[in-house]
Each structure stands twice: as C-alpha cells, then as structure tokens.
Amino acid sequence: MRPEQADGPCVAVVVPAKLNLFLSVRGRRPDAFHELVTVLQTVSLYDRLRVGLIGPPGQGHHPAARRRMRVRLSHNGGPAVPSADANLAVRAARALGHATKVIDLAVVDERAVTLANPEVDAAATPVTVMNLDKGIPVAGGMAGGSADAAAALVSLNELWGCALSRDDLRRLAAVLGSDVPFCVVGGTALATGRGTALAQVLCRGTFHWVVCQAREPLETAAVYRAWDRHCRPSEVEPDAVLQALRGRDAEALGAALHNDLEEAAFSLRPELEDAKKALIDAGALGAVLSGSGPTLLALCESEQAAAAVGTRVRGRFAKTVVAHSPAGGPEFRPC
Ligand code: ATP
C-alpha cells in the first residue's frame, strides 16, 4: 500500500535490527562518546519505511520543485517514538537533503512550516510522506532508530533521485548516530572508535536466537553513565567471536558472546542478570545483553531449540521472539 495520499512515485524499504555479538568499552573519549570495539550483526526483526511524494499535479516530481520540500512522518510505534524532528528518520531526511542540495533550506516538517518558516507556501510545496511500520523493539538496544535513519537514507536517495552510492550514504550516516553507518550496510561488521569505523567480517552459516524484550525500557545514556561510575576500561579482544563466525560454530559463539555494558545495565536492573542466567538454564548456548539493553539475546543450536527456550522463559519478559542472524541489510520492497 502507498503512503497515505502519495500521488507520485513511492519507495519501500525494510531494514533489520542489529545485535552486538561482542562489545568492549575501551574508555571514555574527550568528546564524551565511549571508545568501543564491537562486532555487529543484523538480526531478522524489521522496520518498514515507505516514502512517497504529494504535490500539486506534476510538480512534486520535478527536480526543481524538490528544492523546497515538506517532510511528514507517521508511524505505529506509540508515544515513545517521536514524530517530527527528534525522529532519526526525519533527521536523516534533512541530512540527505542538505548533502545533495536537492532540497535547499526548506526541508521542513508541519510544525516548522507554521512556526519557523511562515513564508513557505504550504499548498505549493511538495510533501514527502514517510510511513514507518515498527517491528524492532523501541529503546531495546537493537538500533531501531538507527535502522530507520538508514532506511530513510536508502529510500529517499531513490525517491529524490540523489544517486548517492551506499558508501556515500554510509559516510553521511555517521553524523546521525554511531549505529547508523552499520545499519546502511548490514551483514556482520567489526566496528571501532565510537562504533562508526567499520570493516565487514566473514560469517558463515545462520545463527538462531531468542530475542527477549524486557518489560521496562532502559535509556542508553543512563547505562553509559552507570558504566562511567562503576566500570573500568576493558581490553578483551573479539578474536573468539570472529573465529566462531568464520567456522559457523554456534557452540563456540555462545561461549564467546561478550558485552562490557552488562555490568552497568545489571547495576540499574538486577532482574536482567537473573534473566540471563535463566536463559542458560533453559538450554541456550549463550546469552548476552543487546547493546545497552534491556533486550537479552539467547543463542540456540536451532530454530526449534530457540522456540523451546523461548517458551520456557516467556514469563520473565514482555515478549520473546525467535529470530535468525545475519539478516542482510536494507532492502527495497514493492510499495
Ligand atoms: P540506541 O541507538 O540509543 O542504543 P536503542 O537501540 O536502544 O537506541 P531505539 O529504538 O533506537 O533504541 O530508541 C531510542 C530512542 O530514540 C527512543 O526512545 C526514541 O525517543 C528515539 N527515537 C528517535 N527516532 C526513533 C525511531 N525512528 N524509532 C524509535 N525510536 C526513535
């Protein structure tokens, strides 16, 4: 289905969530970010973004008309997901507009039209409509917002005819957030720095997970503040994870899963540590906090084993979902 009212071209992109198979915090940087070494992989929970143009007949589809544009976002993510400027998909639209000069200064949302840019003639300005269908848990440490930013870059690059390469989009993505460059590319990657310096790594085979969503969200910034208070920089290396991925060895991967943010997250939410133990007791090969949490990931030897573990631990979580990794990257779908 097309985005509501879009009368011109329409582009749809599905984008997967990410998990961190390994995350080591090397320390706090002078710019207040943390220096990380992390192994990222996409997992089969998806958001779907459809973008389309509304405009006076013909006008919205003419490149000259796109130098002025309003952007309007709707989503089904509930009150925790912002609808205007604070939404990472809208920020990505602005960043792409500025970078490609397709849209001059008038990338505006509804509020900006009335408050900040009264001179913009709403009726004559084409609108890019964005419809976001959330399947990735919100504030779960699975990079849902970053995935949406990536989906916006990929879909609007097509809709607006910007003709940027995936590499160009990846570079642009770094200003939007640490996980966005990875979400533009997908697959499996080793990331360093604040998480934006990426190298794809070899992963053979498919891994099966129970994705366990906690009842209460956990704010990323609060987890890093707790890390600053309680934890010391670590020097753990990702070699065992990389080797397990190369060797399609689920058992070795289960043993090698590692996340330095667990200590900080567990200090804020002790029940997560108990839940991680329960996942191992229920038969998982290994379990780890996803990013800054609170989602926990349990690695299992097969899809059936993951379903069984999910059933055993269901009472502890808001939701358990069986998923596989890696899950590719952003992909176009029919509108
Ligand atoms: P982080 O990238 O900080 O680790 P996360 O992966 O834990 O985040 P997200 O689903 O990205 O979780 O949401 C974090 C916050 O980002 C939300 O609480 C929300 O306020 C904001 N946000 C902005 N854009 C989006 C979006 N498109 N989808 C979900 N949340 C968004």
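Worth a mention:
- Solvent accessible area, Å² - E331, 1.4 Å probe, full protein context: 90 Å²
- Net charge, Q213 excluded, C-beta distance under 12 Å - Lys, Arg +1, Asp, Glu -1: +3
- Applied to region 87-93, the Karplus parametrisation 6.51 cos²θ - 1.76 cosθ + 1.60 on θ = phi - 60° returns per-residue 3J(HN,Hα) values of 6, 5, 5, 5, 4, 5, 4 Hz, with x for Gly and Pro.
- Placed amide H near H34: partners under 5 Å, 5+ positions off or other chain: R29
- Under the Karplus curve 6.51 cos²θ - 1.76 cosθ + 1.60, θ = phi - 60°, whole-Hz ³J(HN,Hα) for region 151-166, x wherever Gly or Pro sits: 4, 5, 4, 5, 6, 6, 4, 6, 4, 8, x, 6, 6, 7, 6, 4
- Within the chain: Cβ-based charge dipole about Cα centre, in debye rounded to nearest 20 (Lys, Arg +1; Asp, Glu -1): 400 debye
- Those Cys residues of the chain for which no other cysteine Cβ falls under 4.7 Å: C162, C183, C203, C212, C231, C300
- Amide proton proximity set for T188, modelled H, under 5 Å, gap of 5+: V201
- Counted charge near R204, where neighbours are those whose Cβ lies closer than 15 Å (Asp, Glu -1; Lys, Arg +1): 0
- Normalised contact order of region 207-325, rounded percent, pairs of Cα under 8 Å and 6 or more residues apart: 44 percent
- For R333 and T206, the difference between the fully extended length at 0.36 nm per residue and the C-alpha to C-alpha distance is 43.4 nm.
- When the trypsin sites (Lys or Arg not before Pro) in region 262-335 are filtered for DSSP coil states and for at most 14 other beta-carbon atoms within 10 Å of their beta-carbon, no site remains.
- For V37, net neighbour charge (Lys/Arg +1, Asp/Glu -1) across residues whose Cβ lies under 14 Å away: -2
- Put the Cα centre of region 196-252 next to the Cα centre of region 307-335 and the gap is 17 Å.
- Part-to-part distance (alpha-carbon centres) for region 34-50 and region 262-302, which is given in Å: 18 Å
- Rounded to whole numbers, the Karplus 3J(HN,Hα) couplings from phi for region 18-30 are 10, 10, 9, 6, 8, 8, 10, 9, 7, x, 9, 8, x Hz, using 6.51 cos²θ - 1.76 cosθ + 1.60 with θ = phi - 60°, and x at Gly and Pro.
- Evaluated over the chain, the count of Lys pairs having alpha-carbon atoms less than 20 Å apart is 6 (only pairs 8 or more residues apart or interchain).
- Here region 134-256 has 47 percent of its accessible surface on carbon and sulfur atoms, given a 1.4 Å probe and all protein chains in place.
- Backbone amide hydrogens, once placed in the peptide plane, bring H258 within less than 5 Å of F22, L23, excluding anything fewer than 5 places away on its chain.
The values are calculated or read from the model by the stated rules, or taken from the named source; none is laboratory data. Computed from a predicted model, the values in this text were never measured in an experiment. When we count neighbours, we look across all protein chains shown, and the Cβ atoms used for this are built from the backbone with ideal geometry, even at glycine. Only protein heavy atoms, including side chains, enter the accessible area calculation; ligands, DNA and RNA are left aside. Shrake-Rupley method; radii C 1.70, N 1.55, O 1.52, S 1.80 Å.
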